[in-house]
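**Q** Got a structure here, written out as C-alpha cells. Questions coming.
The values are calculated or read from the model by the stated rules, or taken from the named source; none is laboratory data. The model shown is predicted, which means the values in this text are computed figures rather than measured ones. Here the Cβ positions follow ideal geometry from the backbone for every residue, glycine too, while neighbour counts run over all protein chains shown.
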Amino acid sequence: MKIAHISDIHCNFGTDFNEKLFEKAISMVNKVDADLVFISGDLTTDGLLPEYELAEEKLNKIKGKSVIVPGNHDERNLGWKLFPEFFNETDFIHNYDDITLIGLASSEPDRDDGRLGRGRHRLIEEGIKKKKTTILGFHHHVIPVPHSGRETNIIEDAGETLDIILKNEVPLVLMGHRHVPWAVKIHKTLLVNAGTFSCNRTRAHFGNTFNIIDIEDDEIEVTVVNIGKEKEKKMIEFNLSDGCCLNKYYDL
Ligand SMILES: [Fe+2]
Ligand SMILES: [Fe+2]
C-alpha cells in the first residue's frame, strides 16, 4: 500500500498560501498514484468560510481516495463547525485491505495546542482490535520535532497517548503541525511528521514537502518529496515485525 501524506496546506487569501506551488505539488502527488492520500490538518489558516471553500476546491484536484483530519488553524473562528460540512467526520476508523487507519481530531476550538482525551484514546484501542496494521493519524505532534524551534503545542496528553501507542506496538503514527518533515522510531513504532505542503511559512531550507509512505509486507519506507526542488530523499526504513529500523537521519 502506498500513502501520500500531506499536511499544513494553509489555504488563505493573505500571505500564507502559495497557490502556484500548490498546483505543482498536487500534480506531483497525483503522479505518485497512491492508494490513499492522508491529510493531517491545517487546510486553512483562520478557519474562515472562504478559506474552507478554497480548500475544498483545491483538494478536489486530488485523484483517488483522500481522508482528512482537522488542524488547530481549521478550528479558529467557528471553523470547527465548518469542517464536518466540508470534509465529513473529524474522527474515524477506516478499514482497507490490510490496514486500519484511525484518524483523530487533536485540535480544539480557538486553541493552538492539542489534546486527544479519553474518548479518542478509546477509539485508538477500538481500532487496534481490528488486528490489521494500524496507522494512527492526527495533526499535532506527540514528541518534540527537531528543527522546529521552541517546543509548543505538543498534545497535552502526550504521555498517555504515547503509552497507548507503545504498549500496543502501533506501527505507524502520522502527524503534521510543525512544518518540518521528520521520522523517528521508538520501540516498535514509527512516528512520522509531514512538513508543510503549500504554506509560505517554511523553516530554513526545508521548503515545502510531502511524504510518501510505502508499506509492503513487513517493511515501511518513508520518502520526503521536496516540492520546489523536485527532489526525493528516503527518510527512514522500518521493519514491522521486528521493529528494526534504518534511520537515514533527515536533516537540512
Ligand atoms: Fe500549520
Ligand atoms: Fe498546526
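**Q** Hey, among the residues in segment 176-216 that are in a strand (DSSP E or B) and within 15 Å of residue 134 (Cβ to Cβ), which one's nearest to the chain's Cα centre (by Cα)?
**A** Across segment 176-216, the extreme among qualifying residues is 192.
**Q** Go through segment 130-146 and report how many residues are at pLDDT below 95, assigned to a loop (DSSP other than H, G, I, E, B) and either crowded, with 17+ Cβ neighbours inside 10 Å or within 15 Å of ligand 1 (Cβ to nearest atom) (or both).
**A** Residues meeting the conditions: 0.
**Q** Based on this model, can you work out whether residue 93 counts as farther than 16 Å from residue 44 by Cα, under 17 Å from the mean Cα position of the chain (by Cα) and of a type in the set (Val, Ile, Thr)?
**A** yes
**Q** May I pose another question? Taking segment 51-100 as the search range and keeping residues that are aliphatic (A, V, I, L, M) and either within 16 Å of ligand 1 (Cβ to nearest atom) or closer than 16 Å to residue 7 by Cα (or both), which one is surrounded by the most Cβ atoms within 10 Å (Cβ to Cβ)?
**A** Taking the candidates together, the pick is 69.
**Q** Search segment 106-123 for residues being surrounded by 15 or more Cβ atoms within 10 Å (Cβ to Cβ) and free of Cβ contacts under 8 Å to residues at least 40 places away in the same chain, and hand back the single one that is farthest from ligand 1 (Cβ to nearest atom).
**A** Of everything passing the filter in segment 106-123, 123 is farthest from ligand 1 (Cβ to nearest atom).
**Q** State which residue is nearest to residue 2 (Cα to Cα) when the search covers only segment 200-214 and only residues that are out of contact with any strand residue (DSSP E or B) (no Cβ under 7 Å at 6 or more places or on another chain) and surrounded by 14 or more Cβ atoms within 10 Å (Cβ to Cβ).
**A** Once the filter is applied, the top-ranked residue is 208.
**Q** Looking only at segment 64-79, count how many residues are more than 18 Å from the chain's Cα centre (by Cα) and more than 14 Å from ligand 2 (Cβ to nearest atom).
**A** Summing the residues that are more than 18 Å from the chain's Cα centre (by Cα) and more than 14 Å from ligand 2 (Cβ to nearest atom) in segment 64-79 gives 2.
**Q** What are the residue pairs meeting all of these: first residue in segment 19-30, first residue modelled with pLDDT of 95 or more, second residue surrounded by fewer than 21 Cβ atoms within 10 Å (Cβ to Cβ), Cβ atoms under 6 Å, and 6 or more apart or on different chains?
**A** Matching pairs, first to second residue: 26/61; 30/63.
**Q** Residues 32, 67: which one is over 21 Å from residue 141 (Cα atoms) and among the β-branched types (Val, Ile, Thr)?
**A** Exactly one residue qualifies, and that residue is 32.
**Q** Out of segment 217-235, which residues are assigned to a strand (DSSP E or B), modelled with pLDDT of 95 or more and within 17 Å of the chain's Cα centre (by Cα)?
**A** 220, 221, 222, 223, 224, 225, 226
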